[in-house]
1. For the residues Leu215, Leu204, what sequence is obtained by ranking on other C-beta atoms within 10 Å, fewest first?
2. Between beta-carbons, use under 12 Å as the cut-off and find the net charge around Cys76, counting Lys and Arg +1, Asp and Glu -1.
3. I'd like the FRET efficiency for Ala110 and Ser235, computed as 1/(1 + (r/R0)^6) with the beta carbon distance as r and R0 of 41 Å, rounded to 0.05.
4. So if I restrict to the alpha-carbon atoms in the range 71-231, what is the Rg, and what is Dmax, the biggest pairwise distance, in Å?
5. Hey, rough spin-label estimate for Arg100 and Arg187, points 7 angstrom out along Cα→Cβ, what's it come to in nanometres?
6. Can you list residues whose amide H is under 5 Å from Ala171's amide H, if they're 5+ apart or on another chain and H is modeled 1.01 Å from N?
7. Can you put Glu160, Glu120, Glu230 in order of Cβ neighbours within 10 angstrom, beginning with the fewest?
8. Sticking with the crude label model, points 7 Å out along Cα→Cβ, report the distance from Asp167 to Val214 in nm, one decimal please.
Amino acid sequence: MPVIVQVGPQAAVSGVAFVAGAGPHCTCGLHLPGRALGIGGGRLALVPTSCIMGLVGTVVLTARAIKEAGMVTIRCTRKLQALLDVPYTADPPPPGNALRDWYANRIWTAAGDVIIFASETSFLSVAMPVEAVGRFVPLFVARVYNLLRLLDVPESAVAEELAHYRDVAIAKTASRSVLGVMNDIARHYQLAAERHWGDEPLSLSRAELRLSTVLHMGPDYRTPCLVARELLGCSNEDWMVPRW
């Protein structure tokens, strides 16, 4: 049975549901099926207008997903680790999730500082405003959920991946090549913010979706969305990336 979490006057019904939690300067939007949550304001908007908006707090998994829970490692740069003010895990466990470890960094954009994440296996990336650092882990998980659902990954496959995200290890970066791709990803987010400066708010969901189609030096030189979908057991035959 899915978890049902009441958010204000409406309920979000999904294999992964979200408990609302307000943030000071940003709107944290999610792509949840069938229900509209609340809408907040700020220069950084995290979803396009076609998606469902809501304020994010804690991720709630189905009972089945909880039983299969593991751990995911986020490999942070020194700059981000200093912001988080948490020690590195000296010897994180080997990844058991399909997207494996995530790399993360804090970057500047014209719309404000952003924390970016990238999967080391697919280079799929998500982002959050730095003002939301107090909800670093739950919002990171929410952003991954949001993007995978936008990429038409089935709910069951998303729940299986996110079951490993109940516990998070913060570790040092371990690959210069992944850090090189992170620099490229950072430039794309910065360009997206510059295009929206003084215009409509920057939609991080649109930026994430667009970056999922950008080629990087990586697995077989294929787009992150195709690699991620295959790793999560999806067929890419006749599948097309949603418009951003």
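1. Ranking Leu215, Leu204 by Cβ neighbours within 10 Å, fewest first, gives Leu215, Leu204.
2. +3
3. It comes to 0.60.
4. Reported Rg and Dmax, both Å: 14.7, 45.
5. 2.4 nm
6. Under 5 Å from the amide H of Ala171 lie the amide H atoms of Ile74, Arg75, Cys76, Thr89, each far enough along the sequence or on another chain.
7. Listed from fewest to most nearby Cβ atoms, that is Glu230, Glu160, Glu120.
8. In this crude spin-label approximation the distance works out to 3.5 nm.
Computed from the coordinates by the stated procedures, all read-outs in this text should not be read as laboratory data. It should be emphasised that the depicted structure is a prediction, and the values quoted were computed from it without experimental measurement. Cβ sites come from the backbone with ideal geometry, for glycine too, and all protein chains shown count toward neighbours.
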